[in-house]
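Asks: One structure, pasted below without further comment.
No value in this document is a laboratory result; all are computed from the given coordinates. The structure presented is a predicted model; accordingly, all values stated were derived computationally and were not measured. Neighbour counts run over all protein chains shown; Cβ positions are idealised from the backbone, glycine included.
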């Protein structure tokens, strides 16, 4: 597993300060049932709690991002089909350098007396360039990424303000990145395959 958080997360103190600034700029006063507001929780306390929850929210596995993009690739699907028709035979496929763009919208629910009183949403935008990746196909499914490097950039917004903006320096994919399982890109006979032209 190669989690996004390991590539982009600032330290908790910096994240807390950036969230507090975003809340201040928005003059946060979100009604939360009756006369209470999120501001009543205190900017510092709430921003600290959100920063602590940001790390688990960014436990997005890069393998999941890769698979979501690869499932849309007609060329890769052709190779998966070929693999499906060659049972027991491993196929190693070197992928051309390509860009993957992904957006995620995790949130933190604020609770009072067991009821959600507000929801704080984050917007995570990721742009990755995958270089030199070799995928191993077996029986119509991607099993793992054998090698490769990833670089790119990511931003995280909260309350409409950028709280994390990070260039992801070229990073080698450590060891073998397992893809196999229910989330893996795989060929299915009832799914049409777009032929490359």
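Asks: Taking 0.36 nm per residue of separation and subtracting the Cα-Cα distance, what length does fully extending residue 5 through residue 129 add?
Replies: Details: separation 124, 0.36 × 124 = 44.64 nm, distance 1.71 nm.
That works out to 42.9 nm of additional length.
Asks: Per-residue counts of other Cβ atoms within 10 Å, averaged by peptide: what ranking do you get for 66-73, 15-22, 91-98, 132-139, highest first?
Replies: Details: 66-73: 17.6, 15-22: 20.8, 91-98: 13.2, 132-139: 19.1.
By packing density, highest mean first, the sequence is 15-22, 132-139, 66-73, 91-98.
Asks: The range 42-82: percent of C-alpha pairs farther apart than 16 Å? Let's see the in-between values first.
Replies: Values: 485 of 820 pairs.
Result: 59 percent of Cα pairs exceed 16 Å.
Asks: I need to check one value: relative contact order of the range 5-178, counting alpha carbon pairs closer than 8 Å and at least 6 residues apart, in percent.
Replies: Working: 308 pairs, mean separation 36.9, N = 174.
21 percent.
Asks: Obtain the radius of gyration and the Kirkwood radius of the range 5-178 from its C-alpha atoms and give Rg over Rh.
Replies: Details: Rg = 20.5 Å, Rh = 18.4 Å.
That ratio equals 1.12.
Asks: Let's test the formula: R0 of 41 Å, r as the Cβ-Cβ distance of residue 147 and residue 45. What FRET efficiency results, to the nearest 0.05? Each step should come with its number before you reach the end.
Replies: On the way: r = 45 Å, r/R0 = 1.11.
Computed FRET efficiency for residue 147 and residue 45 comes out at 0.35.
Asks: Along Cα→Cβ, 7 Å out, is where each label goes; now give me the distance between the ones at residue 68 and residue 97 in nm to one decimal.
Replies: 2.5
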